[in-house]
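Undergrad: A single structure is presented below for examination.
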Amino acid sequence: MSGGWVFVCGPSGAGKDSVMNWAIKQLGGRHGIVFSKRLITREQHQGSDHEQVSPQQFSKLMQTGALAWHWQAHGFHYGISAQYATQVAAGRVVVVNGSREHCQHLQGHPQVRILHITSAAQMLAERLRQRGRDSPHEVNLRLARNAQFASWQADYTLVNQGELAQAGLEFVNYLSTVCFN
């Protein structure tokens with residue numbers, strides 16, 4: 001098997017983090033699948049799935065070629081360390097928690113697959129309200145942003161509207177069968 005990248009993206013409230021965390025637990029460090037840790041110019045909170053870097057550190061990482069991938073979203077810089085490219089070169093599948101905007105530009109790349117996790121608009125709205133991080137106005141802005149991705153096609157779409165285990169298992173099955181040729 002040749003290695004490659006699986007970028008996971010989707011709207012806020014779709015449950016990307018929950019599905020990915022479920023899969024990580026189920027896969028138990030399976031040798032052929034690696035979950036990357038993002039470098040972000042955003043404050044790190046308890047339970048964060050990223051390492052915080054300053055804008056200056058991020059700029060230096062970009063200038064020195066220390067990032068395999070980088071993008072901007074929601075006013076922050078995101079990056080994936082070049083160390084993960086070594087994993088891909090060794091034949092592993094590296095999973096990246098990505099951004100839809102960045103993923104749009106990756107379509108057709110031979111070593112990249114894009115997995116889109118989504119839910120119905122009503123469910124996204126309810127999850128965002130329950131999360132409590134955004135004001136009602138910010139929730140509406142996040143939901144309105146989804147329209148710009150309405151015609152966009154990923155390599156695989158996972159609809160997360162039922163039990164977490166159901167979506168998690170579908171994600172694990174996808175990772176187990178993804179092929180890069």
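Undergrad: Taking amide H positions as placed in the peptide plane 1.01 Å from N, state which residues far from VAL95 in sequence (5 or more) or on other chains have amide H under 5 Å from it.
TA: It is VAL6, VAL34, PHE35, SER36, by chain and number.
Undergrad: Quick one: what are the phi-derived ³J(HN,Hα) couplings along segment 95-100, Karplus 6.51/-1.76/1.60 with θ = phi - 60°, whole Hz, x for glycine and proline?
TA: 9, 10, 7, x, 10, 4
Undergrad: Something else about it: So if R0 is 41 Å, what FRET efficiency would LYS60 and MET123 give, r being the distance between their Cβ atoms, rounded to the nearest 0.05?
TA: Here the calculated transfer efficiency is 0.50.
Undergrad: Which whole-Hz ³J(HN,Hα) couplings does segment 71-87 yield from phi under the Karplus relation 6.51 cos²θ - 1.76 cosθ + 1.60, θ = phi - 60°, glycine and proline marked x?
TA: Whole-Hz 3J(HN,Hα) from phi for segment 71-87: 7, 10, 7, 6, x, 10, 9, 10, x, 10, 4, 5, 4, 6, 5, 5, 5.
Undergrad: Moving on to the next point. Taking just the C-alpha trace of segment 142-181, give me its Rg and Dmax in Å.
TA: So, for segment 142-181, Rg and Dmax equal 13.1, 37 Å respectively.
Undergrad: Based on the alpha-carbon gyration tensor of segment 69-181 and its eigenvalue square roots a ≥ b ≥ c, which shape applies: rounded if a/c is under 1.5, prolate if not and a/b is larger than b/c, or oblate?
TA: Working: a/c = 1.99, a/b = 1.47, b/c = 1.35.
Prolate, because a/c is 1.5 or more and a/b exceeds b/c.
Undergrad: Going by the alpha-carbon gyration tensor, a ≥ b ≥ c the square roots of its eigenvalues, is segment 1-132 rounded (a/c under 1.5) or, if a/c is not under 1.5, prolate (a/b greater than b/c) versus oblate? Present the calculation step by step, with values, prior to reporting the outcome.
TA: On the way: a/c = 1.58, a/b = 1.18, b/c = 1.33.
Note, shape of segment 1-132 comes out oblate.
Undergrad: Within straight cross-link reach of LYS25, meaning Cα distance under 18 Å, which lysines are found once same-chain residues fewer than 8 apart are removed?
TA: The qualifying lysines are LYS16, LYS37.
Undergrad: Mind listing P(r) for segment 1-78? All alpha-carbon pairs, 5 Å bins, whole percents.
TA: So the P(r) values, bin by bin, are 3, 12, 20, 23, 20, 15, 7, 1.
Undergrad: Something else: Considering the chain as a Gaussian network with a 10 Å cut-off on Cα pairs, which listed residue, SER59, SER99, SER36, attains the greatest mean-square fluctuation?
TA: Ranking SER59, SER99, SER36 by mean-square fluctuation puts SER59 first.
Undergrad: A further question on this structure: Give me the extension gain from ASN140 to GLN52: residue separation times 0.36 nm, minus the current Cα-Cα distance, reported in nm with one decimal.
TA: 28.9 nm
Undergrad: Looking at segment 94-181, which trypsin sites (Lys or Arg not before Pro) are in a loop (DSSP not H, G, I, E or B) and have at most 12 other Cβ atoms within 10 Å?
TA: Taking segment 94-181 and a limit of 12 other Cβ atoms within 10 Å, the loop trypsin sites (Lys or Arg not before Pro) found are ARG133.
Undergrad: Mind checking the full-extension length gain between LEU164 and SER151? Use 0.36 nm per residue of separation minus the Cα-Cα distance, one decimal, nm.
TA: Values: separation 13, 0.36 × 13 = 4.68 nm, distance 2.61 nm.
Stretched out fully, the LEU164 to SER151 stretch lengthens by 2.1 nm.
Undergrad: Over the alpha-carbon set of segment 38-106, divide Rg by the Kirkwood Rh and report the Rg/Rh ratio to two decimals. Working shown, then result.
TA: On the way: Rg = 12.2 Å, Rh = 12.7 Å.
Dividing the radius of gyration by the Kirkwood radius yields 0.96.
Undergrad: What does the helix-only formula give at 222 nm for the chain: each DSSP H stretch with n ≥ 4 adding -39500 (n - 2.57), the total divided by the residues, and the result rounded to the nearest 500 deg cm²/dmol?
TA: Details: 7 runs with 68 residues, N = 181.
Helices in the chain give a 222 nm mean residue ellipticity of -11000 deg cm²/dmol.
Undergrad: Follow-up question, since we're still on this one. In the chain, which longest range has no GluC sites (Glu not before Pro) that are both DSSP loop (not H, G, I, E or B) and surrounded by at most 12 other Cβ atoms within 10 Å?
TA: That gives 44-162 as the longest site-free run.
Undergrad: Restricting to segment 1-153, what percent of DSSP beta bridges are antiparallel, rounded to 5?
TA: 35 percent
Undergrad: Pick from ASN97, ASN160, ASN146: which is most flexible by mean-square fluctuation in a GNM of the chain where alpha carbon atoms under 10 Å apart are linked?
TA: Comparing ASN97, ASN160, ASN146 in a Gaussian network model of the chain, the most mobile one is ASN146.
No lab work stands behind these numbers, since they all come straight from the coordinates. For clarity, every value in this text was computed on a predicted model and none was experimentally measured. Counting neighbours? That spans all protein chains shown, and the Cβs are built from the backbone with ideal geometry, glycine included.
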